[in-house]
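Beneath this line is the structure, given in structure tokens, with notes to follow.
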Amino acid sequence: MQALKNRIALVTGANKGIGFEIARQLGEEGIRILVGARDPHRGEAAAAELRSKGLAVRYVQIDLTDPVTISDAVADIEAHEKRLDILINNAAITSAGDGAPSAANIEAVRRTFDTNFFGTLAVTQSVLSLLSDRPQAVSSMSPADWALSPSLAIRIQSSVASGSSVIVLRKRL
Ligand SMILES: NC(=O)c1ccc[n+]([C@@H]2O[C@H](COP(=O)([O-])OP(=O)(O)OC[C@H]3O[C@@H](n4cnc5c(N)ncnc54)[C@H](OP(=O)(O)O)[C@@H]3O)[C@@H](O)[C@H]2O)c1
């Protein structure tokens with residue numbers, strides 16, 4: 001973790017759950033955290049909670065399904081931090097009706113793809129220009145999500161997030 005100090009990390013879907021915990025743990029390591037969340041109230045509340053623990057945190061609105069929020073977030077980070085070192089692709093949805101291919105509702109699968117696949121791809125592509133020379137990117141998405149997106153080859157620093165849900169891919173961006 002020593003190598004991660006003084007770095008800047010964007011965590012998508014950081015207002016709750018695993019994303020919030022990743023943000024908290026990275027913040028505890030001295031990393032500046034950009035709390036990505038689609039809802040300003042939930043995002044600001046999470047950022048405030050992390051700041052109350054003494055962490056360096058700022059809220060950035062980012063909705064994986066809204067290209068305007070993605071480009072605005074990139075412009076905002078460019079203006080404030082000027083770079084990113086770590087991208088945590090955490091945000092995702094589970095759609096009711098998704099399931100086994102034999103029974104899955106097509107619209108539910110489409111919604112899931114729109115967020116988990118195309119949204120994650122859009123965010124990743126959009127922040128590439130911000131990523132420093134030695135970027136780290138992490139996904140906490142489910143294996144199934146990544147099985148569907150082999151082209152999103154991302155180098156993973158597995159130690160920044162624990163648990164079997166973290167898929168370790170060892171290819172460079
Ligand atoms: N929990 C598990 O057992 C488990 C297991 C394996 C993998 N994972 C993966 O770990 C990640 C987090 O899981 P979790 O359990 O912490 O999920 P969660 O509690 O449902 O949190 C999901 C986060 O993603 C955000 N999000 C959803 N759609 C978004 C969008 N369009 N744009 C931006 N943010 C969006 C949510 O924001 P809102 O609060 O606004 O909805 C929330 O912050 C997911 O990628 C999941 O696939 C989880």
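The values are calculated or read from the model by the stated rules, or taken from the named source; none is laboratory data. The model shown is predicted, which means the values in this text are computed figures rather than measured ones. When we count neighbours, we look across all protein chains shown, and the Cβ atoms used for this are built from the backbone with ideal geometry, even at glycine.
Here are some conditions: (1) under 25 Å from Thr112 (Cα atoms); (2) more than 9 Å from the ligand (Cβ to nearest atom); (3) in a loop (DSSP other than H, G, I, E, B). Lys53 meets all but one. Which one does it not meet?
Condition not satisfied by Lys53: (1).
Looking at (1) modelled with pLDDT under 90; (2) outside any helix (DSSP H, G or I), which is the one condition that is false for Leu87?
That leaves (1) as the condition not met.
If a residue has to be crowded, with 16+ Cβ neighbours inside 10 Å and either touching a residue at least 40 places away in the same chain (Cβ under 8 Å) or polar (S, T, N, Q) (or both) to count, how many in region 41-60 make the cut?
Qualifying residue count, region 41-60: 1.
Which residues, taken from region 61-85, are in contact with a Ser or Thr (Cβ under 9 Å, 6 or more places away or on another chain), crowded, with 16+ Cβ neighbours inside 10 Å and within 22 Å of Arg7 (Cβ to Cβ)?
Result: Gln61, Ile62, Ile70, Ala73, Val74, Leu84, Asp85.
In this structure, does Asp39 turn out to be within 19 Å of Asn15 (Cβ to Cβ), within 10 Å of the ligand (Cβ to nearest atom) and in contact with a helix residue (DSSP H, G or I) (Cβ under 8 Å, 6 or more places away or on another chain)?
Judged against the criteria, Asp39 is not a match.
Among the listed residues Ala9, Ala75, Ala91, Ala14, which satisfies the condition of being within 19 Å of Gly119 (Cα to Cα), of a type in the set (A, V, I, L, M) and free of Cβ contacts under 8 Å to residues at least 12 places away in the same chain?
Of Ala9, Ala75, Ala91, Ala14, the one residue that is within 19 Å of Gly119 (Cα to Cα), of a type in the set (A, V, I, L, M) and free of Cβ contacts under 8 Å to residues at least 12 places away in the same chain is Ala75.
With outside any loop (DSSP other than H, G, I, E, B), away from the ligand (no atom under 14 Å from the Cβ) and among the aliphatic types (A, V, I, L, M) as the only criterion, which of Ala79, Ala122, Ala46 stands out?
Within the list Ala79, Ala122, Ala46, the selection yields Ala79.
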